[in-house]
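Take a look at the structure set out below.
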Amino acid sequence: AAILTSSQSQTGMISLTQQVNAVRLDTHKSDTFEQNDLVLDNSGAVLSGSRDALIRRLVPTRDFCPDESYIFSLLVNIRTFISPHELMQKIVQYCMFAQNADSHNFAKEGRGRMFAHILRLCSEWATNIPYDFKTEYMRTRLNELLRLCAVDKTYQQKTTDLQATLRSSLNKLDRYEKAVANLQKALSENTNLPEQSDSMTGLFLMCNDAKIVAQQLTHIEMERFSMVGVDEIVQSLASDPLSEIGRHSKNKEGTISSISFYIEWFNRLSAFTAIEVLKQTKKRSRVAVFEFMIDIAKECCEIGNFNSMMAIVAGLSLPAVSRLKKTWCRVEKAKLEILQHQLDPSGNFLSYRATIKAAQWRADSARGNQQKIVIPFFVLLLKDLFLIYHGHPRILPNAHLNFMAFNQLAEQLRDVIQWKSTMCTFEKNPQVLQYLLITAVSGEKDSMLMSFECEPPESSSERDQHKKLKGGK
C-alpha cells in the first residue's frame, strides 16, 4: 500500500519550497543569494545554505557552538553531498584556524570554552553516528580535534570517556558482524526441511507460554534493530530504489548490511510462523499452534514489539496457511481480527500508527526499560523515511541545500535512535532463542506441499497447482 499518494507528496514538496521562499531572508553577506550565504528565518533558524556555509556554521569557536539539533541534522544529511572523511578534514582545518586566529584562544579560559564547544560537536557525532568512525583515519582526526583544547585533567577525563564510549560502540558492531557471519553459516548448513508429524511438535511443545516467546523475540528484534545505524539508513534512502531497500547487499567492509539482515529476519519470522502451523498434520494440533502464534503476536503488541507482531500476522496470512479452511473454521477468530486490524493498510496504516503512538507516550512516561520498548514495523518505517527523503527537494533552485528538508528527516531519525537505544531486560531463555534463530524454514514451494498434506486440494486450480509442485515443474 502506498504511504501517500503522488499528489500528496507533490503538495508537500511545493509547501516546503514555498516556506523557504516566503520567509524574510537574512543572509550573512547581503540581501541576495551568494555562494557562502545562509538563509535564516526571523528566529535565526537555518532554512538553507551552500554546502560550505552550512559546514562552517557547524564549526565551534570560543564564542559559538551550534545547538545539538543543527549538529545532528547536518551530520546525518550532509553525507550525501560530502563523505564523512572529507567533512572531518574540513572541520579539523577550520577548528585549527579558529584556534590560531585569536591569541585569547590560547589562554586557559579561552581554551576551556572552545574545548567545551568542540566536545559538544564530537560527542553528538561519536554517540549518535558512531559507525562513521570505523576507519583509523576518522578516529585519528577525532583525537586531533579533542587534543586541540585539552586544558586540565577534567577535560582529559571527558575526552577519555567519549573515546571509551566510541570504542564500546565499535567493538559491539564488530562482535555483531562476526555473530551474523556465524549465524548465516549455521543456517546455510542446516538444510533439513521441516518434517510433519502426527503428534504435536515444534515451538508449542518446547514452550507454550506466549509471553516468554514474545520476550525472546523482543531480544532478537532489539539486537538487530539497535545495530542499524542512521548513517546506513540515509545512504540506503539516497542510493537504492524503495523496492530494493533491504535486499541482501554488502557494505564497504564486505559484510551484509544491518538493514538487509534485519529485513531478512522479518521474512524468516513470517516463514517460521507458517511452518510451525504446517508441521502439524492433525487439525487439532494446527488449531492449537495457530492460536498460540496469535497469542504470541498479541504479547508482542503489548510489549511494543510491532515488528515481530507484523511478521507473525504476515506469516499466518501466507497462501500456504490461509488456504487451510478446515483449520480456520476451528480457530478463535476474535484474537486474529484484532491483530489483522493493526495490519490494515487503509488510511495509511492508521490503526497501526495510532497504536505505536500510544506506545511512544507510554515509553516517554515509563520508568522501567520494559515499558520503554518501541520496535516499529521496520519496513513501513523505511517507507516513511523514503517519502520524507524524496518528498522534498534537497537542492533548491539557487543551488542551496534545503536545511528544512534536512531537519524533517533528522527529526524522525532522532526517534529511531531513541527506540533502538532501549535495553531489553527480559530474562533470556536460551533454548527458545536458539530454536527461533536456527530452525530451518521452507520456501514457498515446500510450504505449499506441506499445506496440501494438511488439507488436500479442493478446487481444480489447487489440484493443478499441487500436480505441478509434485512434478517439480
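The values are calculated or read from the model by the stated rules, or taken from the named source; none is laboratory data. Predicted, not measured: the structure shown is a model, and the values here were computed from it. Positions of Cβ are backbone-derived with ideal geometry, glycine not excepted, and every protein chain shown enters the neighbour counts. With ligands, DNA and RNA removed, areas are computed over all heavy atoms of the protein, side chains included. Shrake-Rupley method; radii C 1.70, N 1.55, O 1.52, S 1.80 Å.
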- Task: Tell me, please, whether a residue that is under 17 Å from residue 378 (Cα atoms) and open to solvent by less than 20 Å² (accessible area, probe 1.4 Å) can be found in region 415-424.
- Result: yes
- Sole residue being under 19 Å from residue 92 (Cα atoms), open to solvent by 40 Å² or more (accessible area, probe 1.4 Å) and out of contact with any Lys or Arg (no Cβ under 8 Å at 6 or more places or on another chain), chosen from 185, 134, 153: 134
- Which residues, counting only those in region 438-457, are open to solvent by 70 Å² or more (accessible area, probe 1.4 Å) and in contact (Cβ under 8 Å) with a residue 24 or more places away in the chain? 444, 445, 453
- Task: List the number of the failed condition for residue 469; all other conditions in (1) crowded, with 19+ Cβ neighbours inside 10 Å; (2) in contact with a Lys or Arg (Cβ under 7 Å, 6 or more places away or on another chain) hold.
- Result: (1)
- Only unsatisfied item for residue 179, checking (1) over 26 Å from residue 114 (Cβ atoms); (2) open to solvent by 70 Å² or more (accessible area, probe 1.4 Å), is (2)
- Message: Going by what's in this entry, would residue 50 be described as in contact with a strand residue (DSSP E or B) (Cβ under 8 Å, 6 or more places away or on another chain) and of a type in the set (Ser, Thr, Tyr)?
- Response: yes
- Looking at residue 105, is it in contact with a helix residue (DSSP H, G or I) (Cβ under 9 Å, 6 or more places away or on another chain), over 30 Å from residue 343 (Cβ atoms), surrounded by 14 or more Cβ atoms within 10 Å (Cβ to Cβ) and at pLDDT below 95? yes
- Item | Residue satisfying condition, being under 24 Å from the mean Cα position of the chain (by Cα) and either without any contact (Cβ under 8 Å) to a residue 40 or more places away in the chain or outside any loop (DSSP other than H, G, I, E, B) (or both), within set 215, 163 | 215
- Tabulated pairs, region 412-437, first more than 12 Å from residue 212 (Cα to Cα), second surrounded by fewer than 12 Cβ atoms within 10 Å (Cβ to Cβ), C-beta under 8 angstrom, 6+ apart or interchain: 425/368
